[in-house]
1. Residue under question is B:Ala358, and the condition is that it be assigned to a loop (DSSP other than H, G, I, E, B) and in the same structural domain as B:Ala295 (by TED's automatic domain parsing); does it hold?
2. Testing A:Trp252 on (1) part of a helix (DSSP H, G or I); (2) at pLDDT 85 or above; (3) away from chain B (no Cβ under 14 Å); (4) out of contact with any His (no Cβ under 8 Å at 6 or more places or on another chain), one condition comes back false. Which one is that?
3. Run down A:Val118, A:Val113, A:Val129 and say which single residue is surrounded by fewer than 18 Cβ atoms within 10 Å (Cβ to Cβ), within 27 Å of A:Tyr27 (Cα to Cα), within 11 Å of the chain's Cα centre (by Cα) and more than 14 Å from chain B (Cβ to nearest Cβ).
4. Which of the residues spanning the stretch A:158-201 are in a helix (DSSP H, G or I) and within 23 Å of A:Phe224 (Cα to Cα)?
5. Would you say A:Thr60 is within 17 Å of A:Pro194 (Cα to Cα), touching a residue at least 40 places away in the same chain (Cβ under 8 Å) and out of contact with any Ser or Thr (no Cβ under 9 Å at 6 or more places or on another chain)?
6. Within the stretch A:4-30, count every residue that is of a type in the set (Ser, Thr, Tyr) and either buried (at least 17 other Cβ atoms within 10 Å of the Cβ) or facing chain B (nearest Cβ under 10 Å) (or both).
7. Name the residues in the stretch B:153-170 that are surrounded by fewer than 21 Cβ atoms within 10 Å (Cβ to Cβ) and of a type in the set (Ser, Thr, Tyr), would you?
Amino acid sequence: MLHNLASLVRYRGLVSSLVARELKARYRGSVLGFVWSFINPLLLLLIYSFVFTTIMPNETVGVQPYAVFMFCGILPWNWFSTSLSDAAGSLLAGGNLIKKVLFPAEVLPLVSVLANMVHFFLGFPILLVFLIASGHTPHLTALLWFPLIVAVQLLFASSLALMLAALTVHFRDIRDILANVLMLWFFATPIIYPWFQPNVQRFRWLFNINPFTHLAVSYQEVLFFVNGPFGHWKWLVALGGFSILLFLACYWLFDRLRDSFAEAV
Amino acid sequence: MTAAITLDRVTKVYRRYTGRQFATLKSALLQRSILRDLRPSETFPALTDVSFTVPKGATYGVIGRNGSGKSSALKLVAGITKPTSGSVRVEGRISALIELGAGFHPEISGRENVFINGIMLGLSKREIQQRFDDIVDFAELREFIDAPVKTYSSGMYMRLGFAVAIHVDPDVLLVDEVLAVGDEGFTHKCLDKFAEFRRRGKTILLVTHSLNLVERFCDEAVWLDDGRVQTHGDPKRVVGAYLTAVEAGEEQLMVATTAKALERAEPPDERPADPTSDMFQAKEGRWGSREIEIADVALLDANGQPAHVFHSGDRLSIRLRVRAKEPTADCVFGIGLFNADGVCCYGTNTFIEEMQPATIAGDAEATFAVDTLDLVEGTYKVDVALHKRDGYPYDYHRLLYTFRVKSRTHDVGIYRPRHRWTFSPNVRFDSKP
């Protein structure tokens, strides 16, 4: 397993060209092409703004403007959830490669995560513009945490991606189950409601065992609540440590099932 | 002699999940039986105890029927699947021409696909850059290289896949029946490329149904049947052994076909005699009044042994055993040969050939002997008939007997006249390489 893990480094050229291919293929043939990576989050943000300021004004103190607050969590969540659903089908979609070519299968779920990370990065400037426009200019010191949050999320998402990809080969139902689980997970995470709400605090322990809580809260503290210190860093570091173990466990599972892919895909 | 590829007592068992799929994910998780359930429930041995060694620099052919395990063996050598037991060792960089263009993405251009495919096959970006022009020229796709691959014809797609794979510059090249990818010209180019590989001392493992190719190209060959090595060694000998077995198989098939046709024709069809029945209507069956009965029909080879597979130019005899319930004077024996399309290749009877019917009584035998069966390769059916001069049928067997003619020459038509070619001295031919 460790040998295989080490050889992952050798495949970085392959991974990067596959990610590039994924991104190119995504917008090939559309008129606006890459611009869609900006437009999609922008439109989403505008819709949320309209709904939560005009239709159903949310006046919660401390999280104004509400749409921008929500967006700090939704953008990373979108990266996370689309990564997982893409990754779950990645081995099946790449069946040709696994069956017919000597190909390191773990590359496929990782490419799903990384390609969606690029979309996340492309949407991020939009968020930044809105943050600055609404008077939430992030502090430089807080922004130093940002790469760490992304790194933890990358590791955490990659772990789950590997596990889901490997299991989906044998249990095709996972793809359908996953869509529902992700929906539930989204609402169980303080993304569209703030972490400090009394109702959330009452079930604090429940939220604490949800790993994505710590990612969402970290993003919010670093990007949105610019006036306070980044108090959530301990949880973030703990999640980072947990993600390393999780990654090893998921990679082990993937490795165990590896030989069955070429036959079961 | 150093070995490039060594298979040592390799067994590959495929799992079949038929019948016992996982009930549900939930139950698998609850019973913690995921790993246990991934073990085979029903197994299917694709290869059993296969051992062979391909020396470095050799071209090695693998032949066998469909489903005999050829492609499984190739996948094991390529490292795509792992043997269930035994070991596979390969020295040097492998390139597998198994599924050409397997990694192509339809939406992006041929150029980008060449790079990504090359990287998948283990080249670096710089190496691909260096070989890019060669690849495109080899695939003959210069003008289309920037078009998305989805707009390519299947031939173009395959050519590009082939071109990339062959430019990986492998030490060991695995080829699975891919020479059928292009037109004649491209096939020749591929063969030239293989020849160049051989000259440079590379090892080639060739899985093919083209026995000609094996005989012409390979230094050694192995014949797999039902996942086992039947024989290996000199390609001519291996191909010969394989062909013999194929003929034996066809022989059995012909016997079975004939038996089935006869069974369908029984019980005796009491259709009223129809003297005007069209001789050329291709419908199997048996009819007639049975005053004289054809009890047995046998196709015999030159040694008088029953056979169903003949070589073009062989001797063929059709032997009829007949039984006349009462002595009869008005009796004509007839024979018809039809090819698979239902075309009558030859038809005759004793009356046409001006043999006046004499008496026939009790058990009798008649043999229709062809000294040289000058038919082209194909499957043929036989009519045999006993009737009166006016056509009133005693016993008519329509297309009930089948035989096969084989030939190493792929000429076309029905009939191969005995022939030879002569040329003036300024025309010369090289014999096949």
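The values are calculated or read from the model by the stated rules, or taken from the named source; none is laboratory data. Fair warning: this is a prediction, and the values are worked out from it, not measured in the lab. Glycine gets a Cβ as well: all are built from the backbone with ideal geometry, and neighbour counts include every protein chain shown.
1. yes
2. Every listed condition holds for A:Trp252 apart from (3).
3. Answer to the selection: A:Val118.
4. Within the stretch A:158-201, A:Trp185, A:Phe186, A:Phe187, A:Pro198, A:Asn199, A:Val200, A:Gln201 meet the criteria.
5. It is true that A:Thr60 is within 17 Å of A:Pro194 (Cα to Cα), touching a residue at least 40 places away in the same chain (Cβ under 8 Å) and out of contact with any Ser or Thr (no Cβ under 9 Å at 6 or more places or on another chain).
6. Of the stretch A:4-30, the ones of a type in the set (Ser, Thr, Tyr) are A:7, A:11, A:16-17, A:27, A:30.
Cutting the leftovers down to either buried (at least 17 other Cβ atoms within 10 Å of the Cβ) or facing chain B (nearest Cβ under 10 Å) (or both) gives us A:11, A:16-17, A:27.
Within the stretch A:4-30, residues that are of a type in the set (Ser, Thr, Tyr) and either buried (at least 17 other Cβ atoms within 10 Å of the Cβ) or facing chain B (nearest Cβ under 10 Å) (or both) number 4.
7. B:Ser153, B:Ser154
Yes/no per residue for (1) buried (at least 19 other Cβ atoms within 10 Å of the Cβ); (2) within 14 Å of chain B (Cβ to nearest Cβ):
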| site | (1), (2) |
| --- | --- |
| A:His170 | yes, yes |
| A:Phe212 | yes, no |
| A:Ala216 | yes, no |
| A:Gly240 | no, no |
